[in-house]
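A short worksheet on the structure shown next.
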Amino acid sequence: MELEEHYSQLLGINSPWEIYDVELKVDESRLDIWIEYMDDKGACPECGAACPRYDTRKERTWRHLDTMQFATYLHCNVPRVRCEKHDVKSIRVPWAEKNSRFTLLFEAFAIRVLNAARSVEEARKLLGLNWHQVDAIKARAVKRGLARRQATKIDCLGIDEKQFRSGHDSVSNLYDLTGGRVLDIVEGRTENDCKQLIEQALTPEQRAQVTAVALDMWQAYANAVSQALPKADIVHDRFHISLHLNDAVDSVRRAENKALNKMALPQMEWVDYRNPL
Ligand SMILES: [Zn+2]
């Protein structure tokens, strides 16, 4: 049928998935699309092995991008396969992530609306979602972003501490200085917090490729970096260096002043060489 083929192309649904019914309810401004899996084998979601079909789960529904003003929903009875290693599992559907009630295209669109809107509340209303749904969509987008990031090489990192609640709590931030982005944040500023921050944000391969880390002058961070990133040079930024240098100069000056005062030197006379008497 032509209409089913048209929607197959629109949704990027390919064999063995097939659209077998499309229903338009004009009075409800709603379009429903039913998809079926047409093969007696399927890939195990854990290992990808081709496994025999085991059974079919009850119908699930995903919200998709609206078609004109029609709220559009996909429906499918997703099959389960029996894998020799992983037992009975539902196969992956190409249009959505596991456990999501929205298609990937809808989620990508929702993220664009969230970025463009003045507030999450405004975006939420435009999209017709509740808070829980918005949160879940954001969390999955972050996860996808992190998965994409896994492979990239990061040369220079930055780690610093931010305090909040008037200094009662602190977080440690990890930055990609070359890419100019925040990589991850953890609560606290101990050596272990910092180590955890580095290890959860970067793969072992990425950690081996880091050449330099800019740090607050804080021993716990330096210890963590020398353990988690043994090949990276530690550098301190100009602000912190000048801060400590000023402190050092100041304390030397004060110590010398004290010592000089104790020595009770004879009063020196001040001679103005430009205006000799
Ligand atoms: Zn498997």
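The values are calculated or read from the model by the stated rules, or taken from the named source; none is laboratory data. The structure displayed is predicted, hence computed values, not measured ones. We place every Cβ from the backbone using ideal geometry, glycine too, and count neighbours over all the protein chains shown. Calculation scope for accessible area: heavy atoms of the full protein, side chains included, ligands and nucleic acids excluded. Shrake-Rupley method; radii C 1.70, N 1.55, O 1.52, S 1.80 Å.
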Rounded to the nearest 20 debye, dipole of the chain from Cβ charges on Lys, Arg, Asp, Glu: 540 debye
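Here are some pairs, LYS25/LYS125; LYS162/LYS231; LYS125/LYS153; which of them have Cα atoms lying more than 31 Å apart in this structure? Walk me through the numbers before you get to the answer.
Numbers: LYS25/LYS125 23 Å; LYS162/LYS231 26 Å; LYS125/LYS153 39 Å.
Beyond 31 Å between Cα atoms: LYS125/LYS153.
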Between ALA49 and ARG118, take the C-beta separation as r, use R0 = 45 Å, and let me know the FRET efficiency to the nearest 0.05. 0.40
All lysines inside 30 Å of LYS85 as judged from Cα atoms, apart from same-chain residues fewer than 8 positions distant: LYS41, LYS58, LYS98, LYS143
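Mean residue ellipticity at 222 nm from the helices of the chain, using -39,500 (n - 2.57) per DSSP H segment of n ≥ 4 over the full residue count, to the nearest 500 deg cm²/dmol?
On the way: 8 runs with 103 residues, N = 277.
Computed mean residue ellipticity for the chain: -12000 deg cm²/dmol.
When the dipole is taken about the Cα centre of the stretch 156-238, and only Lys, Arg (+1) and Asp, Glu (-1) are charged at their Cβ, what size is it in debye, to the nearest 20? Display every interim value, and only then the final one.
Numbers: 8 positive and 13 negative charges, 19 e Å.
It comes to approximately 100 debye.
Could you order MET217, MET38 so the one with the most accessible surface comes first? Probe is 1.4 Å. Kindly include the intermediate steps, with their values, before the conclusion.
Numbers: MET217 80, MET38 100 Å².
Largest accessible area first, the list is MET38, MET217.
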Just name one of ALA220, ALA50, LEU105: the one whose Cα is farthest towards the positive end of the charge dipole of the chain (beta-carbon charges, Lys/Arg +1, Asp/Glu -1). ALA220
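Quick one: compute the contact order of the chain, relative version, from alpha carbon pairs under 8 angstrom and 6+ residues apart, as a percent.
Details: 405 pairs, mean separation 24.3, N = 277.
Averaging sequence separation for qualifying contacts and normalising by length gives 9 percent for the chain.
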Along the charge dipole of the chain, Cβ charges K/R +1 and D/E -1, which of PRO204, THR190, ASN246 sits furthest on the positive end? ASN246
Cut-off under 5 Å, modelled amide H: who pairs with LEU65 long-range: PHE106
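Specify whether the C-alpha gyration tensor of the stretch 123-201 places it in the rounded, prolate or oblate class, a ≥ b ≥ c being the square roots of the eigenvalues: rounded for a/c under 1.5, otherwise prolate if a/b is larger than b/c and oblate if not. Walk me through the numbers on the way to the answer.
Values: a/c = 2.44, a/b = 1.38, b/c = 1.77.
Note, shape of the stretch 123-201 comes out oblate.
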Probe of 1.4 angstrom, ligands and nucleic acids ignored: what's the accessible area per residue over the chain, in square angstrom? 67 Å²
In terms of modelled amide H atoms, which long-range or inter-chain residues lie less than 5 Å from the amide H of ARG60? CYS76, ASN77, VAL78
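Given +1 on the Cβ of Lys and Arg, -1 on the Cβ of Asp and Glu, and no further charges, what dipole in debye does the stretch 28-183 carry about its Cα centre, rounded to the nearest 20?
Values: 28 positive and 21 negative charges, 15 e Å.
Approximately 80 debye in magnitude.
Tell me the net charge near VAL78. Cut-off is 15 Å between Cβ atoms, VAL78 excluded, with +1 for each Lys or Arg and -1 for each Asp or Glu.
Working: positive: LYS41, ARG53, ARG57, LYS58, ARG60, ARG80, ARG82, LYS89, ARG92, LYS98, ARG101; negative: GLU18, GLU36, ASP39, ASP40, ASP55, GLU59, GLU97.
Neighbour charge sum, excluding VAL78 itself: +4.
When the solvent-accessible surface of protein heavy atoms is calculated with a 1.4 angstrom probe, in what order do LYS162, LYS98 fall, highest first?
Listed by decreasing accessible area, they come as LYS98, LYS162.
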If DNA, RNA and ligands are ignored and the probe is 1.4 Å, what is the ranking of HIS6, HIS132, HIS64, HIS236 by accessible area, most exposed first? HIS132, HIS6, HIS236, HIS64
Using θ = phi - 60° and the Karplus relation 6.51 cos²θ - 1.76 cosθ + 1.60, list the HN-Hα couplings for the stretch 132-148 in order, rounded to whole Hz, with x at every Gly or Pro. 4, 5, 4, 4, 5, 5, 5, 4, 5, 5, 5, 4, 5, x, 5, 5, 5
Within straight-line cross-link reach of LYS138, aspartates and glutamates at Cα separation under 20 Å, skipping those fewer than 8 residues along the same chain: ASP66, GLU97, GLU107, GLU121, GLU122, ASP184
When the Karplus curve 6.51 cos²θ - 1.76 cosθ + 1.60 is applied with θ = phi - 60°, which whole-Hz ³J(HN,Hα) does each residue of the stretch 98-114 get, with x for Gly and Pro? 3, 6, 8, 9, 10, 6, 4, 5, 5, 5, 4, 5, 4, 5, 5, 5, 4
Roughly how many whole Å is it from the C-alpha centroid of the stretch 142-219 to that of the stretch 57-134? 31 Å
For an R0 of 22 angstrom, estimate the FRET efficiency from the Cβ-Cβ distance between VAL235 and ALA208 and round to the nearest 0.05. 0.75
Give the calculated FRET efficiency between LEU177 and HIS6 to the nearest 0.05, with a Förster radius of 51 Å applied to their Cβ-Cβ distance. 0.55
May I ask for the angle, rounded to the nearest 10°, between helix 2-11 and the longest principal axis of the chain, with both axes built from Cα atoms and the value confined to 0 to 90°? 10 degrees
Taking placed amide H atoms and a strict 5 Å upper bound, the residues 5 or more places from ALA96 or on another chain that come that close are LEU104
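Rounded, prolate or oblate: which fits the stretch 2-148 when a ≥ b ≥ c are the square roots of the eigenvalues of the alpha-carbon gyration tensor, with rounded for a/c under 1.5 and prolate only if a/b beats b/c? Don't skip to the answer; put the middle values down first.
Working: a/c = 2.40, a/b = 1.34, b/c = 1.79.
Oblate shape, in that a/c is at least 1.5 and b/c is the bigger or equal ratio.
Give me the extension gain from ASN246 to GLN69: residue separation times 0.36 nm, minus the current Cα-Cα distance, reported in nm with one decimal. Before the final figure, lay out each step's value.
Working: separation 177, 0.36 × 177 = 63.72 nm, distance 6.50 nm.
Full-extension gain reported as 57.2 nm.
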